[in-house]
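The values are calculated or read from the model by the stated rules, or taken from the named source; none is laboratory data. A quick note: this is a predicted structure, and the numbers were derived from the prediction, not measured. FYI the Cβ positions are ideal-geometry reconstructions off the backbone, even for glycines, and counts take in every protein chain you see.
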Amino acid sequence: MFCPNCGKEIDKDSNFCPYCGKKTDLTQKENITSEVYTSLFEKKQKTNNRKYILISIISVIILISAIFLYLNFFPRINQEISVEYEKRGLEVLSKLAQSSDMFDINNKDKMNEVQSEFKKAIRFNPNNISARKNLIHFYLIVDNFKDAETQAEEILRRDPANKFALKIKELLNEEKP
């Protein structure tokens, strides 16, 4: 005899299936044959397949919803974070300029902090032209013309008519021998 629930072979005198614990009906005990078992197993298999399909559809809907939320919600958050990092960089740079120790070797940590804040602003929002311009100003202050030119090129890649970046490129090209 086969269990009507799980389909495993069980003792014909069992009141409960030892595998799934389902109670076996005495009237079913005599009637369950391998054909009935196959029919019951196929029905159970179809039910399981429907469950897997339903779970898959729900998973896809959740994934699409998550992508939609990310694309519509997080860019705004990233822009806000980018602006905050840019402000921090400007604050540190302003304090350095006010202290007249901007070019002091001991302020290397502060100079690295300025650069780091502007780079973070750009990392959170690569289209933050203002942060790129401030980074160019910083690079010009510390005589890092190569990185200043790279940032100007990035601005031009995003905005080919940007007057600031065009002027920086022009000035840096004049400086080259």
Test G21 against the stated conditions and say whether it is part of a helix (DSSP H, G or I) and either within 20 Å of the chain's Cα centre (by Cα) or at pLDDT 75 or above (or both).
no
Test of understanding: among V60, V83, which residue is more than 17 Å from D143 (Cα to Cα) and either hydroxyl-bearing (S, T, Y) or at pLDDT below 90 (or both)?
V83
Can you list the helices (runs of 4 or more DSSP H) lying wholly within the range 102-174 that have 3 or more residues being in contact (Cβ under 8 Å) with a residue 24 or more places away in the chain and within 22 Å of I77 (Cα to Cα)?
108-124, 129-141
More than 26 Å from H137 (Cβ to Cβ), charged (D, E, K, R), assigned to a helix (DSSP H, G or I) and modelled with pLDDT under 75: does that describe K51?
no
